[in-house]
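Quick notes on the structure that follows.
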Amino acid sequence: MSYKPEESTLIAYLCGELVGKELDKVEKYLADNEDARKELNGLKSTLSIMGQLEDKEVEVPTFSFENPRKVVVGASTMSFWQRTLAIAASIALILFMGYLTNFRVTLNNQGFELAYGHQAGEQNQQDIEKLVAEAIEKNNKRLSEDIQLAKEDMRNLVSESNQSLQNQLVSYKPDHVVDDFEKQKKQYLEQLRKMVESSELEQKKYTDQVLTDFAIFLDIQRQNDLELIQTRFENFQDDAELNQFQTNQILANIISTVEDPNQY
Amino acid sequence: MQVSQVTTAMVNMDDLIEKAMTGDERSFNQLVSLWYKRIYNYVLKQCSVEELASDITQRTFISVFRNLAKLKDITRFKPWIYRIATNYCHEEGRKWSRSRTVPFTTSQGDDGETMIREEGQAEGAFYNPEMSYRQQEMQRILFASLQKISEDQRSVIIMKEYEGMKFREIAEVMDTSENTVKTWMYRGLKLLKNYLEEERITKETLSYEL
């Protein structure tokens with residue numbers, strides 16, 4: 001006959017409380033029996049889901065047993081005298097704190113008021129003006145002190161600068177000034193001389209060039225003038241020849257007219 | 001926690017119990033501070049109502065104080081205190097099951113969305129982020145699922161899953177055999193599985209929701 005574990009055995013296996021041969025038998029049974037394995041897995045999942053149920057936080061009360069029949073839950077475990085003393089001390093502390101903080105309870109037409117500290121309503125116009133004047137005076141005093149300090153700083157700064165300049169002047173001797181001046185003068189003169197020399201050479205070159213160019217220009221101009229004169233002479237000669245020819249023709253006509261008077 | 005620390009804690013616990021047995025109120029209150037949260041959450045899972053859980057937890061500790069002297073073996077303190085709490089839970093459960101079954105209330109948020117809160121939770125505790133809503137809804141379903149099974153099955157599952165007790169200890173609390181306790185747990189788990197499946201809650205949806 002095949003082995004089939006009881007429900008109690010299976011749950012013990014599930015909860016890890018099975019040992020020895022019984023454990024081996026259940027494991028073998030589950031290995032051979034898929035349905036049983038599935039069912040046990042389902043129960044395991046259920047346990048896992050139920051495990052999500054969280055514990056709640058709770059305030060632990062104090063139990064006080066004045067006698068076995070009378071139990072006070074949540075009350076203090078102190079004795080009557082201790083409790084009385086604690087209450088008295090608390091009241092004294094509250095009163096003392098109230099005195100220190102100027103605690104007031106007021107009931108008037110404007111309503112019910114709980115307040116502590118200095119009462120703003122107690123200050124009249126004069127008090128406020130006095131307070132403002134004091135504040136302004138304090139502020140002015142602070143400002144003038146600041147200005148005074150700034151002036152002092154400026155004065156110190158100027159004095160330091162003057163001192164520094166004087167030190168520089170003292171350390172600069174007149175001999176040094178003359179030497180330096182002479183050196184500078186020599187340098188300038190040398191530079192001027194070089195500049196003039198350089199200028200003369202350049203000027204000479206330039207003048208030569210200009211003269212050469214002017215000579216060439218005159219030659220060209222003269223050539224042109226000669227050509228022009230020659231052209232004029234040729235024109236004059238042509239005109240003279242033409243006049244000679246016209247004169248000859250006129251003379252020829254006159255002669256022929258004179259020789260034949262019937263022609264008209 | 002180191003073995004030495006556990007041993008020290010156990011020794012201190014035994015000392016506290018011994019002193020409390022003599023009527024030392026201070027030791028008893030130290031004992032309360034050590035056990036109150038555990039017992040309260042155990043009871044809350046049993047009844048799902050915070051006010052009732054507070055009430056039962058306080059009654060449990062009053063009973064502990066009155067009967068501590070009768071505890072013969074102080075090493076059995078744990079099963080003993082759970083037994084007292086379980087008895088009160090079963091007693092109250094029978095009363096409440098006649099008057100009401102839904103442990104949670106619903107209310108309307110400002111934006112018209114239905115909000116869910118546990119009964120007894122302060123009004124100011126409402127807030128509306130989607131994730132928080134889902135987590136609250138999940139907690140509500142898990143609490144509700146525990147109410148679907150018998151009180152014996154519920155007690156066993158809570159003691160085993162949340163209180164980490166051995167079947168032997170649970171059997172001592174329930175005053176029955178280990179096999180019976182195991183069978184209760186098996187059947188209770190099967191019912192829970194079916195209920196959660198009806199609510200479409202599986203391991204996969206859980207990882208999505210949370």
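Please find, within the range B:68-114, the residue that is farthest from B:Ser145 (Cα to Cα) out of those that are of a type in the set (S, T, N, Q) and at pLDDT 85 or above.
Only one residue fits best here, namely B:Thr75.
Anything in the range A:15-35 that is within 14 Å of chain B (Cβ to nearest Cβ) and either farther than 17 Å from B:Phe167 by Cα or surrounded by 13 or more Cβ atoms within 10 Å (Cβ to Cβ) (or both)? List them, or say none.
Answer for the range A:15-35, where residues must be within 14 Å of chain B (Cβ to nearest Cβ) and either farther than 17 Å from B:Phe167 by Cα or surrounded by 13 or more Cβ atoms within 10 Å (Cβ to Cβ) (or both): A:Cys15, A:Glu17, A:Leu18, A:Glu22, A:Val26, A:Asp35.
At pLDDT 90 or above, assigned to a helix (DSSP H, G or I), closer than 24 Å to B:Ser145 by Cβ and more than 11 Å from chain B (Cβ to nearest Cβ), is that true of A:Lys38?
Yes: the conditions hold for A:Lys38.
With the requirement that a residue be more than 17 Å from B:Gln46 (Cβ to Cβ), among the hydrophobic types (A, V, I, L, M, F, W, C) and part of a helix (DSSP H, G or I), what does the range B:156-206 give you?
Across the range B:156-206, the qualifying residues are B:Phe167, B:Ala171, B:Leu196, B:Leu206.
Any chance the range A:66-73 includes a residue that's under 30 Å from B:Val49 (Cα atoms), in a loop (DSSP other than H, G, I, E, B), touching a strand residue (DSSP E or B) at 6+ places or on another chain (Cβ under 9 Å) and at pLDDT below 85?
No - not one qualifying residue is present in the range A:66-73.
From (1) more than 14 Å from chain B (Cβ to nearest Cβ); (2) assigned to a helix (DSSP H, G or I), pick out the condition that doesn't hold for A:Ser2.
(2)
Mind counting the residues in the range B:170-198 that are crowded, with 20+ Cβ neighbours inside 10 Å and on the phi > 0 side of the Ramachandran plot?
Final tally of qualifying residues: 0.
The values are calculated or read from the model by the stated rules, or taken from the named source; none is laboratory data. Fair warning: this is a prediction, and the values are worked out from it, not measured in the lab. A quick note on method: Cβ atoms are made from the backbone with ideal geometry, for glycine too, and the neighbour counts reach across all protein chains shown.
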